[in-house]
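Working notes, structure below.
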Amino acid sequence: MAVGHPLDTIKTRLQTDAQGRFRGTLECIRYTARSEGLLGFYKGGSIPLLFRGVSASIIFGTYALANEQLNTLLGRPGRDQGAGVGSAQDECAQAAGDKAWWQILACGAVAGCAAAPVVCPQDQIKCCMQVQYRLLNGQPPLYSGPLDYAIKETKKHGIRRGLYRFLPITMLEMSCFAVWFGVYEACSKTLKHTFPTLNSDLISFWAGGCSGTALGLTILPIETVKGYLMTETVRVYQTQQEHLVAKGTTTAHSKLKWTSARNFPAFIGCARSIWQSHGWKGFYRGLLPMTIRGFPVSGAMFVSHKFALNILEG
């Protein structure tokens, strides 16, 4: 959290930089540090601190349960006893040899989608907090904090069209956890066979790190479009304030471009707009901080999961 969230903030700001505010990662870091200080890197940090563990538990638990149910349906009960990824009794690499790749990918996709109802409002609130820059005209930000955002969105649109308006897009994004588990299983098996004396925790860390990088590369285009849509209200408000600073006047809200279309029509329109403005590179903004963050965070998740299972299994 201490290292990962600042990198996530930089990634989100680069992804949603429609105004061309930053030329690269270092410029975004300098701007944030100069205008907002250290706390600017931790905007929205309370959300993952509270809910990241919940979503991770759902993902790992659903993956183990889905594998268990599939093994039963396929007439292979007991092969994954000890419970899934990183189990002390059944190393993931060994499990990969027992499971077909379609099973690994299918269970990974199901596990990711199962966590989408938790991840959707969490991502929406976090991203909007992260892209609230300090306004030069002294006006307060559109939202004073995560709770203020949740209350205002719920009052204005209701829960379904407020905090869950991007649930279908989030489910599309989370289905890419098929890649996360697939790469982890493949790397675990390869490392175990190539380096049979290597510590199992190191295997979990390196395999988890590779899977985190692969997942990031897979979901980054989807995440970029989703980030544009989720933060649109904040970005429009701030753009208005910047224009008003130049004119020396005060404010009013303008009509938003994509708010009438809630899911895939908006997603496709936004993706087309990014492609026309920036080409394929527009979908991979924030690649550097994502890569730096994704490897150690993902590796640590698998090691932590394995450690927790070891404790529970005694």
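Read-outs throughout are calculated quantities, based only on the coordinates presented, and are distinct from any laboratory measurement. Predicted, not measured: the structure shown is a model, and the values here were computed from it. For neighbour counting, all protein chains shown are included, and Cβ atoms are generated from backbone atoms with ideal geometry for every residue, glycine included.
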Once both labels are modelled 7 Å past Cα along the beta-carbon direction, what's the Ser57-Asp148 spacing in nm? 3.1 nm
Report the net charge of residues surrounding Ser175, where surrounding means a beta-carbon distance below 14 angstrom and charges are Lys +1, Arg +1, Asp -1, Glu -1. -1
Filter the cross-link list Lys155/Lys306; Lys156/Lys281; Lys126/Lys281; Lys99/Lys281; Lys11/Lys99 down to pairs whose alpha-carbon distance in this structure exceeds 32 Å. Lys155/Lys306; Lys156/Lys281; Lys99/Lys281; Lys11/Lys99
Most exposed first by the Cβ proxy, i.e. fewest other Cβ within 10 Å, how do Thr194, Thr239 rank? Thr194, Thr239
Can you put Trp102, Trp206 in order of Cβ neighbours within 10 angstrom, beginning with the fewest? Trp102, Trp206
Which FRET efficiency value, to the nearest 0.05, is calculated for Phe307 and Trp101 with the Förster distance at 41 angstrom and r the Cβ-Cβ distance? 0.90
Which FRET efficiency value, to the nearest 0.05, do you get for Leu217 and Val3 by plugging their Cβ-Cβ distance into 1/(1 + (r/R0)^6) with R0 = 25 Å? 0.75
Under 15 Å from the Ile268 label point (7 Å along Cα→beta-carbon), backbone N, region 157-189: 169
